[in-house]
Amino acid sequence: MKSFFSGIRAYAPAFRMLFSRKFAWFLLFPVVLLILLFIGGNILTTYLGDSLHHLFEDRLASWVEGISWLGWLNEAAGWIVLVVVKLVYFFLFAMYSGYVILIVMSPVYSWLSERAETHLTGRTYPFSFKQLLRDMLRGILIALRNMVVQTLISIALFLFSFIPVAGLVAPVLMLLVSAYFYGFSFLDYAVERKRIGVRDSVRYVNRRVGATTGVGIVFALALMIPLLNVLVCSFLSLVSVIAGTVVVYGDENERAVCER
């Protein structure tokens with residue numbers, strides 16, 4: 001629990017850092033993200049709705065041919081398909097919005113974490129587009145891996161929730177599981193610069209499961225805010241990445257003190 005609360009406390013210096021003069025301009029990236037998600041979502045759902053409508057438009061037209069009072073049915077079907085597609089889109093987006101943000105913002109997170117480490121430790125890293133691309137791809141793969149594993153565990157916990165009495169703890173466990181995997185993603189941007197593989201990264205965060213979950217719990221709780229969750233989490237994720245870097249840096253600093 002001490003480690004868990006240390007992960008939450010890492011948000012205090014992370015907030016101060018993000019809203020400082022050196023880092024505040026990173027807040028422009030979530031604005032761009034939200035605009036792209038809004039425009040892209042509308043284009044995608046409209047295209048899918050039109051495509052699905054065209055699949056059965058001719059057959060529907062042949063069914064109502066000659067029945068004048070059913071002439072409106074074809075147009076109504078187009079609207080119904082569009083509404084259903086939009087509902088499915090928003091349902092899936094609500095379920096996986098956290099990972100959508102993590103995947104789309106991955107290049108920004110890698111850059112932000114590096115800048116945060118430089119601010120905390122004084123270490124500098126020469127810019128390399130190849131390395132940035134590699135870090136971005138790793139961040140996306142980690143996010144996809146965590147999304148799949150979290151989904152499988154969540155399904156198991158959902159089935160567990162039907163067990164009388166014992167199932168009452170399932171929602172709490174699902175929240176902690178999601179917090180752990182989100183925290184994993186946020187810490188990994190700093191862990192990756194140690195040039196260790198994904199398997200060793202898993203071992204690293206598992207040894208620090210309390211702090212990892214503490215970093216992720218804030219983001220996971222923010223995702224539960226009705227309607228405004230994507231807006232809040234787009235900006236909060238920047239703080240979470242810095243908090244993950246603070247945790248990794250604090251762990252290194254503590255180990256150095258112990259070695260002395």
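The values are calculated or read from the model by the stated rules, or taken from the named source; none is laboratory data. Not measured: the values here are computed from a predicted model. As a convention, Cβ positions derive from the backbone with ideal geometry for all residues, glycine included, and neighbour counts pool all protein chains shown. For accessibility, only protein heavy atoms count, side chains too; no ligands or nucleic acids. Shrake-Rupley method; radii C 1.70, N 1.55, O 1.52, S 1.80 Å.
The table below gives the values:
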{"item": "MET1, MET136, MET95, ranked by accessible area, largest first (probe 1.4 Å)", "result": "MET1, MET95, MET136"}
{"item": "Stretch gain in nm, segment THR124-PHE38, where the contour uses 0.36 nm per residue and the Cα spacing is subtracted", "result": "27.3 nm"}
{"item": "Residues of type lysines that LYS194 reaches as a straight line, Cα spacing below 19 Å, ignoring anything fewer than 8 places off in the same chain", "result": "LYS130"}
{"item": "Cβ charges +1 (Lys, Arg) and -1 (Asp, Glu), total dipole of the stretch 161-254, debye", "result": "180 debye"}
{"item": "Heavy-atom surface of the stretch 140-207, accessible at 1.4 Å and reported per residue (Å²)", "result": "52 Å²"}
{"item": "Cα-projected label distance for ARG207 with ARG145, points at 7 Å along beta-carbon direction, nm", "result": "1.7 nm"}
{"item": "Accessible-area ranking of ARG208, ARG195, largest first, probe 1.4 Å", "result": "ARG195, ARG208"}
{"item": "Protection proxy ranking, peptides 179-192, 227-240, 145-158, average beta carbon neighbours within 10 Å, highest first", "result": "179-192, 227-240, 145-158"}
{"item": "Charge context of ILE140, other residues only, Cβ under 14 angstrom, K/R +1, D/E -1", "result": "0"}
{"item": "Cα gyration tensor shape for the stretch 163-224, rounded if a/c is under 1.5, else prolate or oblate", "result": "prolate"}
